[in-house]
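Chemist: Dropping the structure in here first, questions after.
Just so you know, all these numbers are worked out from the coordinates, no wet-lab data involved. Everything quoted here is computed from the prediction, not taken from an experiment. Please note: Cβ atoms are built from the backbone with ideal geometry, for glycine as well, and neighbour counts cover all protein chains shown.
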Amino acid sequence: MELPVVSLALWDNPDTDRAQYAAEIAQACHKVGFLSLVDHGVSQATVDDFMGLLKRFFALPAESKALIEKTNSRYFRGWERVGSELTDNRVDYREQIDISSEHTPYAIDVEPLYLRLQGPNQLLSDEIMPGFRDAVSQWFASMEHLANRLMEILAVGLGLKDQTFRELFGENHHSLMKMIHYPPTPIGQAGVNAHQDAGFLTILLQYEVGGLQVKTQEGEWVEVPVLPGAFVLNIGEMLQAMTGNYYVATMHRVISSAERFSTAFFHGPDLRTRLDPLQLDAKFSAAVTASEFHRSAGFMAKRDELVAGVGGVGSRSAAVYGEQLWNYYCRSYPDIVSKYNSPDVSG
């Protein structure tokens, strides 16, 4: 399987047939769920500067990184040690910093539980790492801008107005970003285990070293090559839900024999956004009906299913974005959920 390579500059070219361009990308998202993006407007110098900053962060002594340790954040933000996250109830062999969109927190006992995800980030101060906070914030903003452009294309590809998703996303967007260091993956383990992303879409930067593997619709694992200057786009479970499985959240994992650095941005709306199916032309549902892969596509198991021994994919989507995101945290960080909320992390 070869990932389609898409030039984003064509979207802004006045000579481009936007409907045709978007339809081709929609077809690629339907068939593969992954794309390589070039001409996206983020310079190589900006990429190199940001990834150099991440390398310097991960080279810090553990006691410095622990100043923003994720276990100290009820909002699941900050640095985590190798082996802290679970994917499909398996330990991931990576360390990372997680941040999310910042909004004023609700009361700590607010219901529903997913509203407790809204809060501040943890980032090192300028006294410890000058410029780190500003650089991370600027990168996050640039990824959000790029994601919004992509959502326009994905909407038009479905025969919708380009602002459809922007209007559905509500007032307090809640996106996530991971900045990741993968040590060489031990034999029999994974840097991150096989999974589908929980959000709407993901923008991933593979920097210099590969290791990202995608599972084809035929069940084969194939490696995604590192394309200089390119981002990787993949569809998340929320778009799968809202398009009735036309856009597909493709299973993927990371296994690398070499040290690896990457960053991933997971675009998401207001936590209260409902995931009701979009009103689409009948041709999209017909395409799903015609494909066993799409008809049977499910969602990552919830925490209670994992505890019961049922892993992988098979669950139904949550009705609200925040619920889906809460399910992810319950699966991946049951100890933090329990520490700040309740012993019941069933999701």
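Chemist: So if a site counts as exposed when it's one of the GluC sites (Glu not before Pro), its DSSP state isn't H, G, I, E or B, and it has at most 15 other Cβ atoms within 10 Å, what's the longest stretch of the chain without one?
Modeler: Answer from the scan: 3-126.
Chemist: Moving on to the next point. Give, in nm to one decimal, the length gained when the segment between Val91 and Ser64 is fully stretched (0.36 nm per residue of separation minus the Cα-Cα distance).
Modeler: 7.3 nm
Chemist: For region 170-187, just list the computed ³J(HN,Hα) in residue order, Karplus coefficients 6.51, -1.76 and 1.60, θ = phi - 60°, integers in Hz, with x standing in for Gly and Pro.
Modeler: The phi angles translate into x, 8, 10, 4, 10, 9, 10, 9, 10, 10, 10, 10, 9, x, x, 6, x, 4 Hz.
Chemist: Pull up the cross-link candidates among the aspartates and glutamates for Lys31, meaning alpha carbon to alpha carbon under 16 Å and not fewer than 8 places away within one chain.
Modeler: Once the sequence-local aspartates and glutamates are set aside, what remains near Lys31 is Glu2, Glu218, Glu220, Glu237, Glu292.
Chemist: Calculate the spin-label point distance for Arg74 paired with Ala308, positioning each point 7 Å from the Cα along the beta-carbon direction, and give it in nanometres.
Modeler: 3.0 nm
Chemist: What FRET efficiency do you get for Asp162 and Arg56 if R0 is 41 Å and r is their Cβ-Cβ distance, rounded to the nearest 0.05?
Modeler: After rounding, the FRET efficiency stands at 0.55.
Chemist: Where the centroid of each part is defined by its Cα atoms, how far is region 246-310 from region 173-227 in Å?
Modeler: If you average the Cα positions of each part, the centres end up 14 Å apart.
Chemist: For the cross-link pairs Lys215/Lys339; Lys178/Lys283; Lys178/Lys339; Lys178/Lys215; Lys65/Lys339, which exceed 30 Å when the distance is taken from alpha carbon to alpha carbon?
Modeler: The answer is Lys215/Lys339; Lys178/Lys283.
Chemist: So, one more: Hey, in the GNM for the chain with a 10 angstrom Cα cutoff, which one of Val254, Val288, Val110 fluctuates hardest?
Modeler: Maximum among the listed residues: Val110.
Chemist: Moving on to the next point. Determine the sum of side-chain charges near Glu111: Lys and Arg each +1, Asp and Glu each -1, restricted to other residues whose C-beta is under 13 angstrom from that of Glu111.
Modeler: Taking every Cβ under 13 Å from that of Glu111, the sum is 0.
Chemist: With viscosity set to 0.692 mPa s and temperature to 37 °C, compute the Stokes-Einstein D of region 5-340, Rh being the Kirkwood radius across alpha carbon pairs; µm²/s, no decimals.
Modeler: 161 µm²/s
Chemist: Compute the signed sum of charges (Lys and Arg +1, Asp and Glu -1) over the other residues within less than 15 Å, Cβ to Cβ, of Tyr207.
Modeler: Spelling it out: positives minus negatives among the neighbours equals +1.
Chemist: Related question: Would any residue of region 280-318 have its amide N under 16 Å from a label point 7 Å out along Cα→Cβ of Glu218? List them or say none.
Modeler: Within reach of a label on Glu218: 292-293.
Chemist: Please give the contour-minus-distance gain from Val110 to Ser338: 0.36 nm per residue of separation, less the Cα-Cα distance, rounded to one decimal in nm.
Modeler: Net length gain for the segment: 80.5 nm.
Chemist: With a cut-off of 20 Å, note down the residues of region 158-183 whose backbone N falls inside the zone around a label point 7 Å from the Cα of Gln279 toward its beta carbon.
Modeler: In region 158-183, the label zone of Gln279 (backbone N under 20 Å from the point 7 Å along Cα→Cβ) covers 158-170.
Chemist: Please get the size of the charge dipole for region 5-340, origin at its Cα centre, with Cβ charges of +1 on Lys and Arg and -1 on Asp and Glu, quoted in debye to the nearest 20.
Modeler: Approximately 620 debye in magnitude.
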